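First the structure, in the form of structure tokens, and then the observations on it.
Bear in mind these aren't lab numbers, they're just calculated from the coordinates by the rules spelled out. Quick caveat: nothing in here was measured; it's all calculated off a predicted structure. When we count neighbours, we look across all protein chains shown, and the Cβ atoms used for this are built from the backbone with ideal geometry, even at glycine.
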Amino acid sequence: MGVMKVYGVARYMNVARVIVCLEEVAGDYQVVPVDFAFGEHKTPAHLARNPLGLIPAFEDGDLMIFESRTISKYVLRKYKSSDTDDLLRENNLTESTMVDQWLDVEAHHYDPIVCPISYNAFVLPKIGGIGDQKLIDTNLEKLKTVLEVYEAQLSKTKYLAGDFVSLADLSHFPATYYFMATPYADLFDNYPHVKAWWENLMTRPSLKKAAAGMFPKRNK
Ligand SMILES: N[C@@H](CCC(=O)N[C@@H](CSO)C(=O)NCC(=O)O)C(=O)O
């Protein structure tokens, strides 16, 4: 098995999602720097890896793929073992369907709301930019509605797809990690089951390892 390559920068949210999964399976990987801050993601070399001109892209032997959740599922399918958690539950139709459902919720209803808050309220100021406060405020209101749904679900099951941790949970890491570094982190205090779920997820070594490669929460 050759070294897997993640093309991107570990501190960017969609790259961090892939790194979490590689760490979950103790994958042998390297991060090959492609930084959109310098326009590298629009070069012909990277467009050949990801025709959308985005990061990450991912290479494993003859395979070159893109889209972080697809890469995550590939890694978990190929490299899962008796030593790793079954994060896709593909031996059980109902469980795997619940994983799919909550991964869709994360991709289509959570990430599009939280990412802009995290980017505008934490990442942009970190790199010398100025966040869009109107966008932040609008998305915070949308987030409250989504967190009500999460609170209801997590008052019934320990994790989103059931009483088992899955990719659906871990896929929330990147945007939520940076959200917790914004001035709005205490919003989660209003949703105790969601807060407990997040704090429990953050005890996982894979998330701590991915966090180590991300923007530090405070200037050291
Ligand atoms: N659905 C895709 C999103 C990739 C993406 O937006 N990547 C960002 C950086 S990581 O947050 C990116 O490449 N932005 C550069 C741009 O938008 O031009 C995925 O999950 O891989």
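How big is the chain by Rg and Dmax over its Cα atoms, in Å?
For the chain, the Cα-based Rg and Dmax read 17.1, 48 Å.
Helix by helix through the chain, keep the DSSP H runs that span 27 Å or more along the axis on Cα and average at least -1.0 on Kyte-Doolittle, and give those back in order. Mind showing how you got there, number by number?
Working: long enough: 133-154 (30 Å, -0.24).
Span-like helices in the chain: 133-154.
Quick check for me: using +1 on Lys/Arg Cβ and -1 on Asp/Glu Cβ, what's the dipole size of the chain about its Cα centre, in debye to the nearest 20?
Approximately 580 debye in magnitude.
Place a point 7 Å from Cα of K80 in the direction of its Cβ. Which residues in region 1-44 have their backbone N less than 16 Å from it?
Correct set: 21-27.
With n ≥ 4 as the cut-off for DSSP H runs, can you work out [θ] at 222 nm for the chain, using -39500 (n - 2.57) per run divided by the number of residues, rounded to the nearest 500? Mind dumping the intermediate values first?
Numbers: 10 runs with 100 residues, N = 220.
My calculation for the chain gives -13500 deg cm²/dmol from helical runs alone.
Which length gain, in nm to one decimal place, applies between K126 and S96 when the Cα-Cα distance is subtracted from 0.36 nm times their residue separation?
Full extension of this stretch gives 7.0 nm more.
Along the Cα→Cβ direction, 7 angstrom out, place labels at T70 and S155. What is the inter-label distance in nm?
Spacing of the two 7 Å Cα→Cβ label points: 3.9 nm.
log10 I(q)/I(0), Debye, Cα-only region 104-220, no solvent, q = 0.13, 0.15, 0.21 Å⁻¹?
Values, matching the q order: -0.49, -0.65, -1.27.
On a full-extension model of 0.36 nm per residue, what is the gain between D186 and L52, subtracting their alpha-carbon distance, rounded to one decimal in nm?
Computed gain between D186 and L52 is 44.7 nm.
State which entries of K134/K195; K5/K78; K5/K80; K195/K217 exceed 20 angstrom in Cα-Cα distance in the structure shown.
K134/K195
Over the chain, what is the relative contact order in percent, taking alpha-carbon pairs closer than 8 angstrom and at least six residues apart?
22
Put a dot 7 Å past each Cα toward the Cβ at V32 and T203; how far apart are the dots in nm?
Once both label points are built, they end up 3.9 nm from each other.
I need the Kirkwood Rh of region 27-137: take the reciprocal of the average 1/r across all distinct C-alpha pairs and report it in angstrom.
Numbers: mean 1/r = 0.0599 Å⁻¹.
Its Kirkwood hydrodynamic radius stands at 16.7 Å.
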